[in-house]
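Below: one structure, written as structure tokens.
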Amino acid sequence: MSTDEAAATGAGAGQANPPAFDTSKAHQARVYDYLLGGKDNFAADRAAVDAWLQIDPDLPFTVRSNRAFLGRAVRYLTAEAGIRQFLDIGTGIPTAGNTHQIAQRIAPESRVVYVDYDPIVLAHARALLISSESGATEYIDADLRDTVAILGQASLLLDFSQPVAITLLALLHAIPDSDHPYEIVGALLDAVPSGSYLVISHAGSDLLDPGQHDSLMRVADRMISNKITYRSREQLAPFFAATDLVEPGLVRVEEWRQDPGTAITGRSTLWGAVGRKR
């Protein structure tokens, strides 16, 4: 049975009723899943990708580069910065190389709390809870905007008196200015001590020409359920105001601490950075 058929019949992972989400419009997590070769997407998600590719043919490279950025950032934080606690918000549908898998490969005692609100991600949360024996993982069903709930539940596993890495990959561009994204990030950073880290990747308005940006926004408004807000490099800098950026700073995600011997084969439309809280 396909994902579309499962949605129509109410069948699926432990579901007796139809899923509580609109499959007639694309959702960022399912679009991302489709571009990474996953199966947890619907016709609307695939149609949105097809329309997007007509305007931005580098989208698959951008998505793969974002996933690779996560891997390099987590390896750096675990192996070089000594971080053993991660708050991964906007987890997305599990795929190869999830945060706990990368961190626990280096430091088995690492603890990871995942946060997402998409019902499909929740259905697959079990895959995120397979931890090493000495470490631990947990999943919180919550929206980024509800920082009180996230921090309260995360504190049951994470020790907020010790450094925590907060990861917000390809997430904040789904938070419009009217929902106060800078205050949201500020509240998360206020909850963790000095020596904690903030990892962000974000769609860059200045990484597209104006015509591309306007065309993509028309596609997003018409076909994607969650509003997308591209921001410039200058607009992203305030998210890191309370941190010192790890070299090379705020760059395209594929340029951040590139693995030796690898070649950059495209140009993404995502800015990315890692900052250490002062």
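The values are calculated or read from the model by the stated rules, or taken from the named source; none is laboratory data. All values reported here derive from a predicted model rather than from experimental measurement. Ideal geometry is used to build each Cβ from the backbone, glycine not excepted, and the neighbour counts take in all protein chains shown. To get the accessible areas, we keep the full protein, side chains included, count just its heavy atoms, and leave off ligands, DNA and RNA. Shrake-Rupley method; radii C 1.70, N 1.55, O 1.52, S 1.80 Å.
Projected onto its three principal axes, the C-alpha set of region 53-184 covers 47, 30, 30 Å, listed from the longest axis down. Stretching residue 217 away from residue 24 to a fully extended chain increases their span by 67.6 nm, per 0.36 nm per residue minus the current alpha-carbon distance.
In the calculated pair-distance distribution of the chain, the portion above 29 angstrom amounts to 30 percent of the Cα-Cα pairs.
Each part reduced to its alpha carbon centroid, region 215-250 and region 125-202 end up 18 Å apart.
Taking 27 Å as the straight-line reach from the Cα of residue 39, the lysines in range (excluding those fewer than 8 positions away in the same chain) are 25, 227.
Classify region 121-207 from the C-alpha gyration tensor, please: rounded if a/c falls under 1.5, else prolate or oblate depending on whether a/b exceeds b/c. Cα axes put region 121-207 in the prolate bin. A straight chain from residue 194 to residue 132 at 0.36 nm per residue would run longer than the Cα-Cα distance by 19.6 nm.
Estimated translational diffusion coefficient (Stokes-Einstein, Kirkwood radius over Cα pairs, 20 °C, 1.002 mPa s) of region 233-274: 190 µm² per second.
Of the solvent-accessible surface of region 37-138, computed with a 1.4 Å probe over protein heavy atoms with every protein chain present, carbon and sulfur atoms account for 51 percent. Taking packing as the residue-averaged number of other Cβ atoms within 10 angstrom, the listed peptides 256-266, 194-204 run from highest to lowest as 194-204, 256-266. Computing FRET efficiency as 1/(1 + (r/R0)^6) for residue 149 and residue 105, where r is the C-beta to C-beta distance and R0 is 41 Å, gives about 0.85. Computed from label points 7 Å out along Cα-Cβ, the spacing between residue 228 and residue 264 is 2.1 nm.
Accessible surface calculations at 1.4 Å, restricted to protein heavy atoms, place region 153-211 at 36 Å² per residue. Across region 77-85, coupling constants 3J(HN,Hα) worked out from phi with the 6.51/-1.76/1.60 Karplus curve, θ = phi - 60°, read 4, 7, 7, 9, 8, x, 6, 10, 9 Hz, and Gly and Pro carry x. Scanning residues 5 or more positions from residue 166 or on other chains, those with amide H under 5 Å from its amide H are 87, 197, 198, 199, with H placed 1.01 Å from N in the peptide plane. Our estimate of slack between residue 47 and residue 161, defined as 0.36 nm per intervening residue step minus the Cα-Cα distance, is 36.5 nm. Taking every alpha-carbon pair in region 196-278 and binning the separations at 10 Å intervals from zero gives 17, 41, 30, 12, 0 percent.
Only helices at least 18 Å long along their axis, Cα-based, and averaging -0.5 or more on Kyte-Doolittle count here, so list those DSSP H runs from the chain. TM-like helix candidates: 43-55, 59-75.
For residue 23, the amide hydrogen comes within under 5 Å of no other amide hydrogen, counting only partners 5 or more places away or on other chains and with H modelled in the peptide plane.
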